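Below is one structure, written out as structure tokens; the observations come after it.
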Amino acid sequence: MARIGVFVCHCGENIGRTVDCHGVAEACKDVPGVVHSVDYKYMCSDPGQQMVKNAIAEKGLTGVVVAACSPHMHEKTFRRATAGAGLNPFLCEMANVREHCSWIHEDREKATVKAVDITKTIIEKVKRNVPLNTIRIPVTRRALVIGGGIAGIQAALDIADGGREVILVEKGPSIGGHMSQLSETFPTLDCSQCILTPRMVEVYQHPRIKLYAYSEVESVEGYIGNFKVTVRRKARSVDEDKCNGCGACTQVCPNKKIPSEFDCGLGKRTAIYVPFPQAVPNLPTVDRNKCLLFMNRAKGRPDTCKKCADACAKGAIDFDQQDRLVTEDVGAIVVATGYQLYTIGKDQPKDNLKGYGEYGYGTIPDVIDGLQFERLASASGPTSGKILRPSDGKEPKRIVFLQCIGSRDPQKGMEYCSKICCMYVAKHTMLYHHKVHDGQATVFYMDIRAAGKGYEEFSRRAIEEEGAQYIRGRVSRMWREGDVIKILGFDTLEGEPIEMDADMVVLATAMRPQPGIDALAQKLSVSYDQHGFINEAHPKLRPVETNTAGIFVAGACQAPRDIPDAVAMASATASKVLGLFANEMLEREPTVACVNEANCAGCFHCERVCAYGAVEHKDIKDRAGNVVRVIAYVNPGVCQGCGTCQATCPSKSVELQGFTDEQIWGEIQALGV
Amino acid sequence: MDATTPAVAGGFEPRITAFVCNWCTYTGADLAGTSRLQMASNVRIIRLPCTGRIDPMFITKAFERGADGIIVSGCHPADCHYNAGNYHARRRFAIFRELMDFLGVDTGRITFSWVSASEGGKWRDVVNDAVTRVRALGPFTDYRKLVVDPVATATGVVPPEHVGKEVPA
Amino acid sequence: MTELRELARRLLSEGTVNAVLGWEEGPRGARPAFVTTPEGADTLIFDHRCVHNLASYLSPRRPHLKRLGKVAMVLKPCDARAVAGLIRETQIPRDKVVLIGVRCGGVITDPDSTAPLTEATVADRCRGCPDREGHLADHTVGTAGPGFAGPSKRAQKIEELAAAPAEKRWAFWQSELEKCVRCHACRQVCPMCYCDRCLADKTQPRWIESSPHARGNMAWHVARAMHLAGRCVDCGECERVCPEGIPLGLITRKIAQVVSERYDFRPSDDPAVPAPVGTYRMDDPQEFIL
């Protein structure tokens, strides 16, 4: 039988002025199950809390109702007091007679009637409360970082420097990401590789970072604190232990005309290659789609060319190497897979992307994208930093930049702003001006979005000091006449059409998430938006968490980001991961859903509505070990306690602890006439 | 007559049960209190973690227990503390509302709203509007008349959930 | 019919299945049949009196069928939607059942009737049904009549009720629901009602009062309609078996209309098509929310 204690607080005059607190306490005495009902001036004061503790001890209370302020205010206080008296804290609830009653009503009689109702409602709930215990989950204190760009590098280093082991998985042959391709960075114009390369080396040498380059995440199982990740280590055809990175193999490879991914197709590489000189790890990789030996093998012909193997003094070339699967236990995962640019070619990866036929779909050789310009401007690039046209190697004297290509364009591209283009176009005009002193840079823009420290000053400098001509408007068509690109556009400030000639055009194309992000997101059970960007758990308050506990997101895989943003996010994820790893056990509120195994029919409506992937399938076996039923199991480590599963369950076979049907039913009953 | 005007003596005062989510509407109602926004005293709030937790059975049960009106309120779309509970609730209650309408329940008795934690004023308006509307509709005697219980009438044994109810002979 | 019998005989004699679930001629008309021997296949029939939705026998709540091991089931296009629902909701593994689709041009309401299939006798759900054969089938047999065009009488009744004032609708439904004796035949026959422990049987708490009074009846039929929203395949079995003749098909049809209008959803015989309740779109209509 329930033995409930009711404690009505006057909150000084806050409640007492409009509610007859003593009357409420007296009225509650008549409720079956209530064995103690008192009122007091300040229930949250030390003497007030002592009254609760004493009553629990003296009257043997099985439940405590504090009729006072909002539970958001003092629920923790009174639950702590309840626990202090040896009663389970979840047997204490608050009846909100201040915010929801005394403060919003002036009629004392009505307010008192309502306060009695509110208190009775909570009394009925508490009668049906059961003791709950904090859930403790063991935590594997190692992290997985997916993506070896600047965000992944920063997250890995911060976590490793914080004393925890990190597995860093990069799908390409080297870490570094897009930042390693950049020439100089805005708004300081410092050399990108100069600031990045030391960080890459630091990753490689860090005793607590295990780097899996040329690898991809194959599968992910488990939940916060307890993920089991399988990584596919793709065959490089080079023995990592034997190779000393001398580069002899790449020099003898006969297939030297392969467009280099690192140089965005503007330079060439061999079939066995190191993507760029500062690559980490400094290991060559055989591109099996381009290597003569593998092309012959694919056609069933005998191996012919083995020049690289012959040139290798260490015998490190291994044409028979296979992909390997390695499994790692981790407690947290950081997703930092970065971005790609909207392609300027005709073939588009998605139906809603239409490409830009009016700009030649990339068929005019001197129309390039922003990353290609970075490679041209980079000292390590195919032109050693000279701005030269891809078509004939001449220096362009008239260069035109078009902003918002694929961004802010729901018809043919993305409705969102790619955020970084305004700044990098301003940077490009400056780099151009520094290298081609007699050249003229022209920019077609929609708006200049330069929100960031030093950003506005930087873009003003491009216009005012570095001679860039900015035209507000769009270009409607471009075509080639001889070696000149004809441009037809419209100046929306002057309100008149513009025709101009250019030697080279750079399209500032939209940032999109990496291809395959949807498949990865599905493996991780994290949600993503219609563009493929990973969704954060809350746009304001939980910007680097995903809706799957223990999985965090950093950099441009969440939304278009510049380098400082990506690094800040990465450090934020590291601090979240280190916070999670602070204790061996993760403690969670016990207000999670729990399945009644006897009644569950296994329809998995709950699984479909669960935003966190907390519902798993559980096999019920007979004595012989045969699976006789498959039912739902809610992983308490993942459940966040929203209760949508319970409202959806036809047979109410899943119960949200703390808000069970029994409790709510009791509350509704209490409000009856 | 607005909702806060004291009812004339013997006038009908509706009883309204509100099912609200903890993170937006409950907190918005807290804010209304903190801001001392005066409103009708006819509403009794039952706190749930999320609108996703609100079962249509809560509403039928509340009507059975004599509620004249119902309020269901939670986070605005995209604001749900649990990402999607309100979206699931939105579908559930869109269907439920049409079902109730089809069965002849005046849907003016059931109010659905999104009230965020910062919308104390909106909460007051939702409460006052609901009270005014339901007051005009009068007591939900249709549902209360369903109390007729042949078992109770025949045996004189009143099931526990009927205790305190008027059981017509 | 020969095609159906030969297929059933072959499946049984080759041991592909241990039983074929179909229809046979009973003493009073068409009735469900469990054929377990190759010879028994000759009793199988399919015509316009085969109204029963046999999918409800596949429900795990009926273990006697499970004990038979792998079974074949004869199904009309509408029954296929129920089987798809059971597969979607992980109640039956697809590889545990062989599906024999029969082409169908409509059925009548009463399996015991000797009436021919005409515009006057055809079941309301068959009016306007576009499916002559289902997509979810391992074998498809038979020939189909041309089917029947609308309009559905239920749709007309729903419109009529919608046009009436709320009090009229309330009165109509109270007079109908008052008849309910809570035999739960509607639940037992429904292929999509397969919970081991129904909410209506729960006592702690008791959301749905169990005795057949107007209030409990209301709660029961509201709960049933909500549980079937977006899941009901409109097989009409609930209304057919109701001993009190309550027009339950009006409620299921109404909900189906709501789901179709609001979420552009129609019951599908593709198990991969998700049901509309349990999913959402960020831009779902919300005109009723303040």
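The values are calculated or read from the model by the stated rules, or taken from the named source; none is laboratory data. In this text the structure is predicted, and so the values were computed from the model without any measurement. Every residue, glycine as well, gets a Cβ built from its backbone with ideal geometry; the counts of neighbours run over all protein chains shown. The area values use the complete protein model at the heavy-atom level, side chains included, leaving out ligands, DNA and RNA. Shrake-Rupley method; radii C 1.70, N 1.55, O 1.52, S 1.80 Å.
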With DSSP loop assignment and no more than 12 other C-beta atoms within 10 Å, the GluC sites (Glu not before Pro) in the stretch A:449-522 are A:Glu465, A:Glu494
Over all viewing directions the Cα convex hull of chain C casts an average projected area in nm² of 16.8 nm²
Computed from the beta carbon distance with a Förster radius of 41 Å, FRET efficiency for A:Lys306 and A:Cys191 to the nearest 0.05 stands at 0.60
With R₀ set to 45 angstrom, the calculated FRET efficiency between the beta-carbons of A:Glu13 and A:Met585, to the nearest 0.05, is 0.50
Once A:Ile463 and A:Glu597 are pulled to full extension, the length gained, defined as 0.36 nm per residue separation minus their Cα-Cα distance, is 41.3 nm
note: the stretch A:589-657, Cα-Cα separations exceeding 21 Å make up a percent value of 19 percent
Fraction of alpha-carbon pairs in the stretch A:42-113 farther than 20 Å apart, rounded to whole percent, equals 32 percent
Diffing the stretch A:67-72: the Karplus 3J(HN,Hα) column from phi (6.51, -1.76, 1.60, θ = phi - 60°), in whole Hz with x for Gly and Pro, holds 8, 8, 8, 5, x, 5
Once phi for every residue in the stretch C:18-33 is put through the Karplus expression 6.51 cos²θ - 1.76 cosθ + 1.60 (θ = phi - 60°), the whole-Hz ³J(HN,Hα) values, with Gly and Pro written as x, are 9, 7, 10, 9, x, 10, 9, 7, x, x, 10, x, 6, 8, x, 9
With every protein chain kept in place and a 1.4 Å probe, the stretch C:145-223 has an accessible area per residue in Å² of 41 Å²
One would report the antiparallel percent of DSSP beta bridges in chain C, rounded to the nearest 5, as 40 percent
With the 8 Å Cα cutoff and a minimum separation of six or more residues, the stretch A:248-311 has a relative contact order in percent of 32 percent
Rounded to the nearest 10, the angle in degrees between the Cα long axis of helix C:77-88 and the longest principal axis of the Cα atoms of chain C comes to 80 degrees
As straight-line cross-link partners of A:Lys453, the qualifying aspartates and glutamates (C-alpha separation under 16 Å, not fewer than 8 residues apart within one chain) are A:Asp190, A:Asp562, A:Asp565
DSSP beta bridges in the protein assembly as shown: the antiparallel percent, rounded to 5, is 45 percent
Computed from every Cα-Cα pair in the stretch C:153-263, P(r) in 5 Å bins starting at 0 and rounded to whole percents is 2, 12, 21, 25, 22, 13, 5, 1, 0
The answer for GluC sites (Glu not before Pro) in the stretch A:5-77 that fall in a DSSP coil and have at most 14 neighbouring Cβ atoms within 10 Å is A:Glu13
Of all GluC sites (Glu not before Pro) in the stretch C:54-153, the ones in DSSP coil with at most 13 other Cβ atoms within 10 Å are C:Glu119
Calc'd 3J(HN,Hα), the stretch A:527-538, phi into Karplus 6.51 cos²θ - 1.76 cosθ + 1.60 (θ = phi - 60°), Hz, glycine/Pro = x, comes to 8, 9, 7, 5, 8, x, 5, 5, 7, 7, 5, 8
For the stretch B:31-141 (alpha-carbon point model, no solvent) the Debye-based log₁₀ I(q)/I(0) at q = 0.10, 0.15 Å⁻¹ works out to -0.29, -0.67
So the angle from the long Cα axis of helix A:563-580 to the longest Cα principal axis of chain A, reported in degrees to the nearest 10, equals 40 degrees
Note on chain A: contact order normalised by length, alpha-carbon pairs under 8 Å, 6 or more apart, percent, works out to 13 percent
Links exceeding 25 Å between C-alpha atoms in this model, out of A:Lys210/A:Lys290; A:Lys523/A:Lys621; A:Lys234/A:Lys307; A:Lys386/A:Lys427; A:Lys256/A:Lys386, come to A:Lys210/A:Lys290; A:Lys523/A:Lys621
Output for chain A (equivalent-ellipsoid semi-axes, sqrt of 5λ from the C-alpha gyration tensor, Å, descending) is 61, 33, 22
Partner lysines whose C-alpha sits under 20 Å from that of C:Lys157, ignoring same-chain residues fewer than 8 away, are C:Lys168, C:Lys179, C:Lys254
For chain A, longest principal axis from Cα atoms; helix A:661-670 axis from its Cα atoms; angle between them, nearest 10 degrees, is 50 degrees
Descending accessible area (1.4 Å probe), largest on the left, turns A:Lys314, A:Lys114 into A:Lys314, A:Lys114
Between chains B and C, total accessible area buried, probe 1.4 Å, no ligands or nucleic acids, nearest 100 Å², roughly 4300 Å²
Scoring the stretch A:342-511 by relative contact order with C-alpha pairs under 8 Å, at least six apart, yields a percentage of 27 percent
Counting all Cα-Cα pairs in the stretch A:299-412, those more than 19 Å apart amount in percent to 69 percent
Under Stokes-Einstein, the stretch C:33-186 at 4 °C and 1.567 mPa s, with its Kirkwood radius over C-alpha pairs, diffuses with a coefficient in µm²/s of 72 µm²/s
Restricting to aspartates and glutamates and to Cα separations under 15 Å from A:Lys268, and discarding same-chain partners fewer than 8 apart, the set is A:Asp287
The protein assembly as shown, convex hull of Cα, quarter of hull surface, nm² -> 55.7 nm²
Rounded to the nearest 5, the percent of antiparallel DSSP beta bridges in chain A equals 55 percent
Which residues qualify? For A:Ser37, with a placed amide H closer than 5 Å and at least 5 residues away or on another chain, they are A:Val6
Rounded to the nearest 10 Å², the accessible area of A:Phe262 using a 1.4 Å probe with every protein chain kept is 20 Å²
